[in-house]
Amino acid sequence: MTVRRVNAEERLSTSFALGAYAFEASPRSAARAEEFRGYLPYNKGNRTLVVEEGGTTLAAASAIPMRQNLRGEVLPMAGVAGVASHPLARRQGHVRTLMHQLLDEMRDEGHQLSALYPFRPSFYARFGYVGLPKPRTVTFSPADLGELLGADLPGEVGWERIGEGYRDWRAFTERCLNERHGFAIFPGYRDVGLRDRDEHWLLTARTGGTVTGAVLYRIDDHGGTLAAGDLLAADPLARALMLQFLGRHVDQVERVTVQVPVDEVPELWLTDLAVHVEARVARPGYSAPMARLLSIDALAGLPVGPGRVRVELTGDRWLAGSYLLDGTTGALELVTGAAATVGAPPTATLTAAGLSALAYGVLEPVEVGLRGLGDVSTDAAAELRRLFPRQNPYVFADF
Ligand SMILES: CC(C)(COP(=O)(O)OP(=O)(O)OC[C@H]1O[C@@H](n2cnc3c(N)ncnc32)[C@H](O)[C@@H]1OP(=O)(O)O)[C@@H](O)C(=O)NCCC(=O)NCCS
């Protein structure tokens, strides 16, 4: 049995073949197999590892070199995707072997974070990942946007196919990456698939020529659904401009759906807006993202609150060790060795998932203890709460 990295062309007969069995209708047609070659350019910079025996691929896993915002800092992030094993070789530890090697290699390359969409969260919890919020799907009738139709809003909208407007879209997602906690984007070689497939309309909001909002959408039929992706708006005006445009589809579609982060409150957007807000999480088809710190260095220099606490990280391949996390200057300082015990700061024992939950802002310190992700005393909880106030990460990229 060997583990090796496959090159671009080899993906066709190894990882893509296993992935087709794991994630698609099967047996696949010859025509579908032909389409796979067209995906190669969008995977070229990925790191794909396989387990092989006697010429058969037993398991595969890939990492996409992405970037993600963690509390205001943009860091290299390994997006794990295409994890699958051969139906005759499951439960033999192959994926565990691959995950270890893949994350080792991505970490050595400087990826300080990792994220994925799990088929079952408990499987990846074993690898130190913790759950992040799932964006909400908002459904409403365009008729309920009538209040906006006559409004004279200071700004304009742009409307084109994504194939034409891709540069503006990419630039705006780069802006969101810099401004929004949790926001993650693909490397360019992968993202351009959106432009090349050209399957969406791009709506942008603009003020003084600057893009302040963007959303991709498709319409399935007359009298059907205008299904939009993430409604990215830098401010309320951008959102109002985009909703006003959607309201002009009142005689064309029955309903509009858009995705929004968990802290958006659509029922407050307008008076008389009848709206349904939903997050569906189910195994294995509908997952919320998960993420973890892959290197303790991810925390160094992060903007944090004025807490001071020692953490002992246990049971993890990538984060073991003892550190003083000192936020007194407003930028997190990592202290190791004897200096970490000066002043006898309160100490918490944390798993990788426990520390990741605090860094991403998704659990409060007492919950970390309750969830079995650490042992957190009352004093340590108070310091951790000051260091890492709760936040809602908004991952955005779906892979
Ligand atoms: C899910 C899948 C990738 C697991 O691969 P695998 O090679 O069987 O996994 P491993 O044998 O390396 O399992 C690693 C550990 O997880 C456990 N495990 C495996 N499948 C599990 C499951 N479905 N639920 C819970 N635990 C599971 C194993 O028992 C093992 O535990 P251990 O570390 O205590 O020994 C494989 O079943 C598969 O290809 N499924 C279809 C595609 C899919 O869902 N992919 C995941 C996309 S995110």
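So the values come out like this:
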quantity	calculated
Net dipole in debye of region 2-116 [+1 Lys, Arg Cβ; -1 Asp, Glu Cβ; about Cα centre; nearest 20]	220 debye
Value at 222 nm in deg cm²/dmol, rounded to 500, when DSSP H runs of n ≥ 4 in the chain each add -39,500 (n - 2.57)	-7500 deg cm²/dmol
R0 of 22 Å, Cβ-Cβ distance E10-R283: FRET efficiency to nearest 0.05	0.10
Virtual spin-label span in nm between T271 and E164, 7 Å along Cα→Cβ	3.8 nm
Rounded to whole Hz, the Karplus (6.51, -1.76, 1.60) HN-Hα couplings of region 116-127, x for glycine and proline	6, 10, x, 6, 8, x, 5, 5, 7, 4, 5, 9
Rg ratio (alpha-carbon, reference 2.2 N^0.38 Å) - region 218-340	1.66
Accessible-area composition of region 230-290, carbon plus sulfur, in percent [1.4 Å probe]	46 percent
Cα-Cα separations in region 1-137 greater than 21 Å, expressed as whole percent	45 percent
Accessible-area composition of region 2-116, carbon plus sulfur, in percent [1.4 Å probe]	49 percent
Options G182, H249, P154, ranked by Cα towards positive dipole end of region 136-278, top entry (Cβ charges)	G182
Most mobile listed residue (E278, E24, E160) in the chain, GNM with C-alpha springs under 10 Å	E24
Highest-MSF residue in the chain out of A184, A59, A22 [GNM, Cα springs under 10 Å]	A22
Two-site label geometry, R248 and L370: point separation in nm, points 7 Å out along Cα→Cβ	4.9 nm
Extension reserve of the R255-A25 stretch, reckoned as 0.36 nm per residue once the Cα distance is removed	79.9 nm
Estimated dipole of the chain in Debye, rounded to 20 [Cβ of Lys and Arg +1, of Asp and Glu -1, Cα centre]	1160 debye
Solvent-accessible area per residue for the chain (1.4 angstrom probe, square angstrom)	45 Å²
5 angstrom amide H check on I185, placed H, neighbours 5+ away	R67
Leading residue at positive end of dipole, region 136-278 (Cβ point charges), from T137, W269, T204	T204
q = 0.11, 0.20 Å⁻¹, region 334-399: log10 I(q)/I(0) [Debye, one scatterer per Cα]	-0.29, -0.81
Stokes-Einstein D in µm²/s, Kirkwood radius over Cα pairs - region 296-387 at 25 °C with 0.890 mPa s viscosity	193 µm²/s
Förster-model FRET efficiency, 51 Å R0, T137 and A338, C-beta, rounded to 0.05	0.45
Largest to smallest accessible area among R239, R248, R167 [probe 1.4 Å]	R167, R248, R239
Reciprocal of mean inverse Cα separation for the chain (Kirkwood radius, Å)	22.9 Å
Three principal axis lengths of region 127-168 [C-alpha, angstrom, descending]	52, 30, 19
Debye, to nearest 20: dipole size of region 192-321, +1 on Lys, Arg Cβ, -1 on Asp, Glu Cβ	480 debye
Exposure of R67 as accessible area (Å², to 10), given a probe of 1.4 Å and all protein chains	80 Å²
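The values are calculated or read from the model by the stated rules, or taken from the named source; none is laboratory data. Please read all numbers here as calculations on a predicted model, not as lab measurements. Heads up, the Cβs are rebuilt from the backbone with ideal geometry, glycines too, and the neighbour counts pull from every protein chain shown. Note: areas computed on protein heavy atoms with side chains; ligands, DNA, RNA excluded. Shrake-Rupley method; radii C 1.70, N 1.55, O 1.52, S 1.80 Å.
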